[in-house]
Structures are given as structure tokens and as C-alpha cells.
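First up is the structure itself, then whatever we jot down about it.
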Amino acid sequence: MTLYQPFLDYAIPLLKARLDLAPYPIPAGFERKEALTGKGKKEQLVVTTSHAFKSSKLRQIRAAHVEGGDALQVLNFVIFPQLNYDLPFFGADLVTLPGGHLIALDMQPLFHEAAYQKQYSEPILPIFNKYQKELPWGGDFPDEAKPFFSPAFLWTRPKETEAVQTTVFEAFKDYLQAYLDLVEQAQPVTDSQRLGEILEAQRRYIDYRAAKDPARGMFTRFYGEEWTEEYIHGFLFDLERHIPEVQQSV
Ligand code: DBV
């Protein structure tokens, strides 16, 4: 079973159609990684593949796709805008574990000012409202993560795999299309104070996600600590490694 491959098969051609898309380098050893887990009848191959692109307004568009049988499917898909745009991050965390499905979809804000919400969250609320009935609030999540989510945060734990294949897939398409609308409309920021605030907000978000990556335990078990830490800091949340060159291009 490959639950989330259709999501990628939808997203990548859409990005190509709507953006001036170019490849983003994936460090050696991270394009594809395999491990054999379990013993005897429980033996299971776990394959992680990485995908990455950029465009003139988006510094890094990247996906990590983990496939390890019916009880382990993950697609973590995040878009990091260039530092001279105040665009939110596109964040999708689509997770299937033995305990069930866990879905997070959002345009994760840099700021919480009223004007920012009006520009970047309000346009998404009709989509959020459309799905909220079928995909109800998923319950507790870490308090310290709350500042990183918008009022349109879709957070849900569907009981049925079919709901992931239908409703969640439709929601993912609508959120991604709406995000690309925001990207299309975005104008570069030139005010130096605002540029400083954007850098600070991007760092806050990315440093948090690298520090608290909920997949750290899983990756460490499969592929070891060294590979995992380098994957997190050198690919999944890599801004700190690229600060000199990204600042130059602003
Ligand atoms: N999550 C990631 C990356 C993943 C990934 C890069 C490549 O950020 C997968 C893989 N998320 C993943 C896995 C789990 C979760 C859980 C494997 C299950 C962990 C487990 O149960 O063992 C949203 N993802 C979660 C949870 C939340 C999110 C709230 C459950 C709570 C938790 O375990 O911490 N997405 C996540 C999050 C932010 C976000 C916290 C914060 C900004 O964007």
C-alpha cells in the first residue's frame, strides 16, 4: 500500500504548472534510504524518499515520504518561502501509524498581526470550514506548537483510511491550490526592518521544528542517529546551513 503517493503525484505536476520550478539539491545519501525492520514474519522494508524544488519566490519546497507497509506511511511536505516574502509556510504532516491516521494541514503564519491574518488566513477559512465537519478537530497537541499554526489549521485523526484517500486528499488539493494563489499574489518586501522580522520568524519556526521533529525517534530507530540528525538539519529544516547565501539574494 502507498497511501500518500497520489498526494505527491498531484502536487509535483501542479507545482510545475503554476511556478517557475527548479530543482533544489538533495544532499547525497538522502534521495532514498532503506532499512529492514522487524524479524521473521514481521520483517518489513522501510523506504524514505526525498523530493525538493525551489522557485523565484519559494526558497525550498520539500517532501519526505516514508513507506513501510500498511501501518507506516508518512508524507511530510513543507514549503519555505524566500526570505524577502512574508508568505506563510505551507505545512502538511500526513501520518499513518499502527495507532491510526494523524493529519495536519496549514498555512503556518510568520506573524499574528490582524493585517497578516486578514491577508493570509482569512482567504483559507472557507476551505477550512468546508472540511471541518467531515474532519473534526484532532484533540490535544503540544502547547508550544500553537504559535506556529493559523486559524485555518486542519488537525484531524480520521478513523477510516478511505477518508484519507477521499476527503483528506481533496483538502490537501484545496490547501495547496490556495497556497499557490497566495504565492502568485505575493510582492517582495523591501523594508529592512520587516526583512529582519521575517528572518527572525522563519528561524523561530524552523529551529522549533528541527528541535521537536516528531519523526526523530522513528528515523533514529530505522536509520541511526547520525543519518537522522543530518537529515533533519541538512535537508528537512536546513535554513541555518544556508543563511549566508539566502541573505545575499534578498
Ligand atoms: N513530522 C515532521 C517531519 C516528519 C513528521 C519532518 C518526515 O515534522 C512525521 C517526517 N509527525 C510525524 C510523525 C508523527 C508526527 C506527529 C512520524 C508521529 C509521532 C509519534 O506518534 O510517534 C504536527 N505531527 C505529529 C503531531 C503533531 C504534528 C502535532 C503529534 C504530536 C507529536 O507527536 O508531537 N506539524 C507537526 C508539528 C508542527 C507541524 C508539531 C509544528 C509547527 O507543522
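Among the residues making up region 20-52, a single one is open to solvent by less than 30 Å² (accessible area, probe 1.4 Å), within 24 Å of Gln177 (Cα to Cα) and assigned to a loop (DSSP other than H, G, I, E, B): Tyr24. Scanning region 196-220 for residues that are within 10 Å of the ligand (Cβ to nearest atom) and either modelled with pLDDT under 95 or closer than 15 Å to Val246 by Cα (or both) yields a single hit, Ile206. A residue that is in contact with a helix residue (DSSP H, G or I) (Cβ under 9 Å, 6 or more places away or on another chain), under 22 Å from Asp86 (Cα atoms) and in contact (Cβ under 8 Å) with a residue 24 or more places away in the chain occurs somewhere in region 154-166. None of Pro81, Pro88, Pro147 is modelled with pLDDT under 95 and either under 17 Å from the mean Cα position of the chain (by Cα) or not basic (Lys, Arg) (or both) except Pro147. Go through region 134-250 and tell me which helices (runs of 4 or more DSSP H), entirely inside it, have 2 or more residues that are within 17 Å of Gly91 (Cβ to Cβ) and hydroxyl-bearing (Ser, Thr, Tyr). So the answer is 169-185, 192-211.
Taking the criterion of being β-branched (Val, Ile, Thr), within 11 Å of the ligand (Cβ to nearest atom) and over 14 Å from Gln202 (Cβ atoms), the residues of region 69-125 that qualify are Val74, Val95, Thr96, Ile103.
Filtering region 53-75 to residues that are over 16 Å from the mean Cα position of the chain (by Cα) and under 14 Å from Met218 (Cα atoms) leaves Glu67, Gly68, Ala71, Leu72. Could you tell me whether any residue of region 107-123 is closer than 28 Å to Phe53 by Cβ, touching a Gly at 6+ places or on another chain (Cβ under 9 Å) and at pLDDT 95 or above? Looking through region 107-123, at least one residue is closer than 28 Å to Phe53 by Cβ, touching a Gly at 6+ places or on another chain (Cβ under 9 Å) and at pLDDT 95 or above.
The values are calculated or read from the model by the stated rules, or taken from the named source; none is laboratory data. Computed from a predicted structure; not experimentally measured. FYI the Cβ positions are ideal-geometry reconstructions off the backbone, even for glycines, and counts take in every protein chain you see. The area values use the complete protein model at the heavy-atom level, side chains included, leaving out ligands, DNA and RNA. Shrake-Rupley method; radii C 1.70, N 1.55, O 1.52, S 1.80 Å.
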